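Read-outs throughout are calculated quantities, based only on the coordinates presented, and are distinct from any laboratory measurement. Please read these numbers as outputs of a predicted model, since none were measured by experiment. Cβ: placed from backbone, ideal geometry, glycine included. Neighbour counts: every protein chain shown.
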Amino acid sequence: MSGSTDKYDVAIVGAGILGLSHAYQASKRGLRVVVLERHAFAQGASIRNFGMVWPIGQPAGRLFELALRSRGIWLEVCRAADIWHDPCGSVHLVTREDEMRVLEEFVEFGRPRGYQVELWDKAEACRRSPVARADAVIGGLWSASEVGVDSPRAISGIAGWLAREHKVEFRFSTPVLAIESPRVMIPGGEVHAPRAIVATGSDFEQLYPEVYAKAGVQRCKLQMMSLASPAPGWKLGPMIASGLTIRHYPNFSPCRSLSALEARIQREQPELNDLGIHVMMSQHMSGELIIGDSHQYDGAISPFDSARIDELILAELKRFITLPAWNITRRWSGVYSKLPGSTLLCEDVAPGVRVVNATAGKGMTMGFGLADLMWEDWDGFKL
Ligand SMILES: Cc1cc2nc3c(=O)[nH]c(=O)nc-3n(C[C@H](O)[C@H](O)[C@H](O)COP(=O)(O)OP(=O)(O)OC[C@H]3O[C@@H](n4cnc5c(N)ncnc54)[C@H](O)[C@@H]3O)c2cc1C
């Protein structure tokens, strides 16, 4: 392979949300971009998730603001590319007094810091969230900022739009074997680009494995399922999180009452902690409901999915959610990479080569914002 068609300004490895976010920013700046994806279509974490653009989960301050910026870019891209999305907001539905106390505290803490949140009592929660079980739910935290996307459709839709409207070139079924900047090696040839961005998700083996090991990046496996839409045209309303979710996202960390809730869960349901289970529900374009999840790290990750985990996720959801039917249509797992205590691994690993990775459970929420911020000041980027 040679010739002018193989010369680009930027080569991006991986067509997940991080690869696409960078392709968007680079192409907006008039650069010639190629995205190299080893599979026939992106099939990593970016298509296996809930499709929750979830600013409320981010801690107050810079990261929450970046999540809102990212949300704004999602809306801009979805509108421009005619991609289905639903700015439906979210509700944490709770069933215990200790959970309600954390929500009350969070509303007081969060509102002055820009979170558009509201506390719902039982009646309001059951009225506004059609799935809330009246015999279990005692209230909820409404948040206006969350947007649902249909991840597999959104990821392929964005790639198609970038190719059509922004002249980004996509080469699928093209694994990158090595980078010797500006040469990017692919089977049977190479492309040339003075800048390469490595966004390979949970694949740490192929490119720069030593970087992930040195930084202490972990893998995390999550189990997921989908349920058939209960009826044609049936709407979930706001996306659902649970009392268990409160212990999962750092936005609730400033709440003093959180520790009592965590202690109670450990006392009453240690298995949920061992398996990292909290439950959430979103709805995709077809009406199907996406549910999950669990969290198992590194050595605890099995290649096989666990029936027990699925059972616990369903039992937890059924405790506070009512549906006309629970028909499981698909089960799958996904793996994301995580750098404990950090939102992103961003490292210049060789002249002209930057690794961007480890967005953990928030890559769909933060990806567009992170890339936007990075391209504003490539050399000075700091989070
Ligand atoms: C089950 C699950 C649920 C989640 N839910 C949410 C959610 O609702 N909201 C949210 O904000 N975040 C969520 N996340 C997190 C989010 O999905 C990830 O943070 C994000 O998708 C990571 O994107 P990425 O582009 O880094 O990786 P990926 O999406 O994994 O993309 C990496 C791509 O690189 C390709 N690749 C790897 N090596 C090579 C190579 N050598 N050559 C060419 N291509 C290569 C892979 O094939 C892959 O397509 C969830 C994650 C999981 C697993």
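Hey, can you rank 193-200, 303-310, 223-230 by average C-beta count inside 10 Å, highest first? Working shown, then result.
Details: 193-200: 24.0, 303-310: 13.1, 223-230: 20.2.
The densest-packed peptide leads the list: 193-200, 223-230, 303-310.
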Query raised in the report: Can you pull out the chymotrypsin sites (Phe, Trp or Tyr not before Pro) in the range 84-142 that DSSP calls coil and that have at most 15 other Cβ atoms within 10 Å?
Result: Trp84
Query raised in the report: Which angle from 0 to 90°, rounded to the nearest 10, does the C-alpha axis of helix 97-110 make with the longest principal axis of the chain?
Result: 50 degrees
Query raised in the report: With point charges of +1 on the Cβ of Lys and Arg and -1 on the Cβ of Asp and Glu, referenced to the Cα centre of the chain, which listed residue (Tyr212, Trp378, Ala80) lies farthest in the positive direction of the dipole?
Result: Ala80
Report summary line: Helix 363-376: inclination vs the chain longest Cα principal axis, degrees, rounded to 10, gives 40 degrees
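Return Glu124, Glu210 ranked ascending by Cβ neighbour count within 10 Å, so the fewest neighbours appear first. Don't skip to the end; give the middle numbers.
Working: Glu124 16, Glu210 9.
Starting with the residue having the fewest Cβ neighbours, the order is Glu210, Glu124.
Quick check on my link table: of Lys167/Lys235; Lys122/Lys362; Lys167/Lys214; Lys221/Lys382, which ones sit more than 31 Å apart, alpha carbon to alpha carbon? If you can, show how the numbers build up before the last one.
Details: Lys167/Lys235 36 Å; Lys122/Lys362 29 Å; Lys167/Lys214 36 Å; Lys221/Lys382 28 Å.
Over 31 Å Cα-Cα: Lys167/Lys235; Lys167/Lys214.
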Query raised in the report: Where Lys and Arg each count +1 and Asp and Glu each count -1, what net charge lies around Phe64 among other residues with Cβ under 14 Å from its Cβ?
Result: +4
Report summary line: Once both label points are put 7 Å beyond Cα along the C-beta direction, the Ser342-Ala136 separation in nm becomes 3.9 nm
Report summary line: With label points set 7 Å from each Cα along the Cα-to-Cβ direction at Arg96 and Thr329, the distance between them in nm comes to 3.3 nm
Query - DSSP beta bridges in the chain [antiparallel fraction, %, rounded to 5] - result: 70 percent
**Report entry** Dimensionless Rg over Rh [the chain; C-alpha; Kirkwood]
**Finding:** 0.98
Report task. Return the calculated 222 nm mean residue ellipticity for the chain, to the nearest 500 deg cm²/dmol, obtained by summing -39500 (n - 2.57) across DSSP H runs with n ≥ 4 and dividing by the residue count. Result -> -10000 deg cm²/dmol
